[in-house]
Amino acid sequence: MSGEAAVGLRRDAVGLREVLFQSVTAMAPAAAVAASIPAGAAFAGGSLPLAVVIALVACLFTASCVAELARELPAAGSVATYAAQGLHPAVGFLVGWGYVFVEALVPPLLLLQLGFTTAGTLHDEWASYPADLWWPWALAGAVVIAVAGYLGVRASAGFGTVLGVFEIAVFLVFAGWLIVRAGGHNTLSVFGTSHTADGYRGISGVFAGSVYTVLAFAGFEAAAPLAEETRDPRRTMHRAVLGAALGIGLFYVLTTYAMTVYFGPGRFASFGAAGEASWEGVARASFGLFWVLVFLAVVNSTIANANACANVSTRTAFALARIRVLPRVLATLHPRYRSPVAGIAVQTVVAVGAVLGLGFGYDPVTAFLLLATVIVTVVIGVYVVVNLACAGYFLRRGRPTLKPVRHLLLPLLGIVAFVPALLTAAGLPAFGFVTKLTAPVSYAGPVVGIWMAIGAVVLLVLIRRHPERIAETARVHLEEDNTSDTVAPQNGAASR
């Protein structure tokens, strides 16, 4: 590689705080608390806090595996590199192919939410504001994210840190206020099975609620693609991935408990993402103008999440492009900021195209649901593969590196935990509580299938013509570049 494409990502640009919030904001904690987690209330009812605890434990199994691999293999390719090293380079390519695709779709997903949330709220406050004038807000968000990414990882990660602190602070203050106002209604019974919704009695309701809650944890691995730009990446990546999963999991438990005891466990099955029985609805009814902060925190969360996932998609694309399994241009970096400018440009075009195309082709809410289904289906599939890769990687290394509980039992438990979530996200009615998807949301399955089929064809072509490129998906560039600030191929690979 030569020119700008041969310059590596900026070394030692960010530390633990920034990469921790890279994962935190990728989980969109405020949006998850207000919109995602309440979906589980229809099943778990007032026992939703217990469902969140179960989901937290389940997600920590996979977070532990990601953290272990991130410590061993600090690479911008992250999950693709893990799968290549732990299973096979061909699997690594397919994981990277799918992961780049869905992470590139996360920004338009969040920009759609930014648009319809802002437009709907403004319309509710001022009827003269058109409820369907959502797209200027989405486009404004796209510009903000593109500029932050262009200015480099320090700017984008620092921006994400500020946004993450704000949304968490707002919901922590609100949760504390709810607990105080609940007074004598505070009870630990919500961590039992006595308050589940009608038709989902006992542990079945809690299990159903936990499956929907698991989906709110997606994104905890988002720190990993910043490994090559992070100080002391082995130690930092491990702490960031586990810290984000555990910290935000506890945040989910606290906030869900607070709203459950305030709203009332007995009627919490009616709680949702909109209307009077929602976070914003409760804030409007009981806490005056505090609802504005809740609204701003949710809007803030959409921008922060889009920013974090733009970092993920562009770094993963860069990692695959520098070994030429994706177009080489995606490895081009800005000469000053060392940001993957070509990837950012492509990411922005994809975001704007998906927002406007799907938003006007259907409507922004339907487009949001379609993209969300595509994204969650692939991401959870990636989690399952990463669990397998963790076991495979440490089995290959053997003792004394192999720790049976950490490297064999936890990956198995992680797979068991995420399979129900995968079936639920895909709308496959393996359980009674799974809702079968209807058009156009049901198109998510064919979209994923077609994209992965294209990836399989590309893989076969590369194996036939350039097998060495597929082998390079397992390469950890950072280890080879300790004494160099370039990512030029080494050991004879320059002839490719």
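The values are calculated or read from the model by the stated rules, or taken from the named source; none is laboratory data. Only a predicted model underlies this, so the values are computations on that prediction, with no experimental measurement involved. Note: ideal-geometry Cβ built from the backbone for every residue, glycine included; neighbour counts use all protein chains shown. All accessible areas refer to the heavy atoms of the entire protein, side chains included, with ligands and DNA or RNA removed. Shrake-Rupley method; radii C 1.70, N 1.55, O 1.52, S 1.80 Å.
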Worksheet item: How big is D for the stretch 289-387, in µm² s⁻¹ as a whole number, if Stokes-Einstein is applied with the Kirkwood radius of its Cα pairs at 20 °C and 1.002 mPa s?
Response: 136
Worksheet, complete the sentence: Computed over the chain: longest principal axis from alpha-carbon atoms vs helix 203-214 long axis, angle to nearest 10 degrees, is 50
Worksheet entry | Size descriptor, Kirkwood hydrodynamic radius, that averages inverse alpha-carbon separations across the stretch 186-337, Å | 18.9
Worksheet item: What FRET efficiency would be calculated for the residue pair SER286, ALA430, taking the C-beta separation as r and a Förster radius of 45 Å, to the nearest 0.05?
Response: 0.70
Discussion item. I want to verify the translational diffusion coefficient of the stretch 148-187 in µm²/s; compute it with Stokes-Einstein, Rh as the Kirkwood radius over Cα pairs, at 4 °C and 1.567 mPa s.
Written reply: 107
Worksheet entry | Placed amide H near SER339: partners under 5 Å, 5+ positions off or other chain | HIS334
Worksheet item: Counting only the heavy atoms of the protein chains, how much of MET452 is accessible to a 1.4 Å probe, in Å² to the nearest 10?
Response: 60
Discussion item. Which order do you get for ARG10, ARG231, ARG469, ARG154 if you rank them by accessible area with a 1.4 Å probe, largest at the top?
Written reply: ARG154, ARG231, ARG10, ARG469
Discussion item. Using only the alpha-carbon atoms, how far is helix 135-150 inclined from the longest principal axis of the chain? Give it as 0 to 90 degrees, nearest 10.
Written reply: 40
Practice prompt. Quick one: accessible surface of ILE168, probe radius 1.4 Å, all protein chains present, in square angstrom to the nearest 10.
Written response: 30
Practice prompt. Would you mind checking the stretch 353-381 for residues with the amide N under 18 Å from a putative spin-label position 7 Å along Cα→C-beta of ASP132?
Written response: 355-368
Discussion item. Quick check: with the 1.4 Å probe, what order do TRP126, TRP97 take by accessible area, largest first?
Written reply: TRP126, TRP97
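Counting only protein heavy atoms and using a 1.4 Å probe, what share of the accessible area of the stretch 153-302 belongs to carbon plus sulfur, as a whole percent?
Of the solvent-accessible surface of the stretch 153-302, carbon and sulfur hold 66 percent.
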Discussion item. Just to check I understand the Karplus step: with θ = phi - 60° and J = 6.51 cos²θ - 1.76 cosθ + 1.60, what whole-Hz values come out for the stretch 10-15, glycine and proline as x?
Written reply: 5, 6, 6, 7, 9, x
Item to complete: For TYR337, TYR82, write out the residues from largest to smallest accessible area, computed with a 1.4 angstrom probe and no ligands counted.
Response: TYR337, TYR82
Discussion item. Once you compute Rg and the Kirkwood Rh from C-alpha atoms, what is the Rg to Rh ratio for the stretch 154-214?
Written reply: 1.18
Item to complete: With a cut-off of 14 Å, note down the residues of the stretch 333-359 whose backbone N falls inside the zone around a label point 7 Å from the Cα of ALA439 toward its beta carbon.
Response: none
Practice prompt. Using the 2.2 N^0.38 Å rule of thumb for compact globular proteins, work out how the stretch 1-147 stacks up: its C-alpha Rg over that value, please.
Written response: 1.36
Fill in: Dipole of the chain [Lys/Arg +1, Asp/Glu -1 at C-beta], most positive-end residue of PHE191, PHE220, LEU320
LEU320
Worksheet item: Along the charge dipole of the chain, Cβ charges K/R +1 and D/E -1, which of ALA75, MET27, GLY288 sits furthest on the positive end?
Response: ALA75
Worksheet entry | Average accessible area per residue (Å²) across the chain - probe 1.4 Å, nucleic acids and ligands excluded | 37
Item to complete: Provide the gained length on full extension for the span SER270 to VAL147, in nm with one decimal, where the gain is 0.36 nm per separating residue minus the Cα-Cα distance.
Response: 40.2 nm
Practice prompt. Compute all pairwise cysteine Cβ distances in the chain, then list the cysteines with no distance under 4.7 Å to another cysteine.
Written response: CYS59, CYS309
Worksheet item: So what does SER313 come to for accessible area, using a 1.4 Å probe and Å² rounded to 10?
Response: 10
Worksheet entry | 0 to 90° range, to nearest 10: angle between helix 290-322 axis and the chain longest Cα axis | 20
Practice prompt. Please report, largest first and rounded to whole Å, the three semi-axes of the ellipsoid equivalent to the chain, where each semi-axis is the square root of five times an eigenvalue of the C-alpha gyration tensor.
Written response: 37, 25, 21
Worksheet entry | Stokes-Einstein D in µm²/s, Kirkwood radius over Cα pairs - the stretch 65-198 at 25 °C with 0.890 mPa s viscosity | 126
Response to the item:
HN-Hα couplings for the stretch 168-183 via Karplus (6.51, -1.76, 1.60; θ = phi - 60°), in whole Hz with x for Gly/Pro, come out as 5, 4, 4, 6, 5, 5, 5, 4, x, 5, 4, 5, 5, 5, 5, x
